[in-house]
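A.B. asks: The structure's right below; bear with me while I get my questions together.
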Amino acid sequence: MDKLQEIKGRISKLKGYQNAKSEDQYWMTKEHIDFLIDRTELAEKQQAIIEENERQQEITVNQFRQAQEEIQKLRAENEELKLKVEAQEEEIRDLEFENSNLEDEVEELEDRVEALEDRVEALEDEVEELEDRVEALEDEVEELEGATE
């Protein structure tokens, strides 16, 4: 802002500038012309910097928006995956419960098989005992038949 005031001050130093008509022409010293040229070049450089900064800002804003969109997509995917994991965990719990029930059933069946095997063994022992009794009775019958003859 100070440089602008300096430029205005230098221009107003020109003879008759304050009272001049807009179409009047003036001569300036080389120093004034060089100063105006320097200021114009500086203004052009500053304008180029401003434009580059605006371009970079636009790129950054676009990148930021893309990042926000990507974050939203990732959040949505994350929610979907959480729901899938929860469903799978529930399915695992159900399967573990079913597995536990089946293990209990297998254990019960094994106990029943063991009880049946014990009963079969007891019956086999009873059959053997009855066969021994039958044999003894047959021997007795033969003895009695031999004694009656």
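The values are calculated or read from the model by the stated rules, or taken from the named source; none is laboratory data. All of these numbers come straight from a predicted model, not from anything done at the bench. Because the Cβ atoms are built from the backbone with ideal geometry, glycine has one as well, and the counts that use them run over all protein chains shown. Please note that ligands, DNA and RNA were not included when accessible areas were found on the heavy atoms of the full protein model with its side chains. Shrake-Rupley method; radii C 1.70, N 1.55, O 1.52, S 1.80 Å.
A.B. asks: Of the conditions (1) farther than 21 Å from E6 by Cα; (2) among the acidic types (D, E); (3) surrounded by 10 or more Cβ atoms within 10 Å (Cβ to Cβ); (4) modelled with pLDDT under 95, E96 satisfies every one except a single condition; which number is it?
C.D. replies: Just one mismatch for E96, condition (4).
A.B. asks: Determine if segment 10-19 includes at least one residue that is modelled with pLDDT under 95, among the basic types (K, R) and open to solvent by less than 100 Å² (accessible area, probe 1.4 Å).
C.D. replies: Checking segment 10-19: at least one residue is modelled with pLDDT under 95, among the basic types (K, R) and open to solvent by less than 100 Å² (accessible area, probe 1.4 Å).
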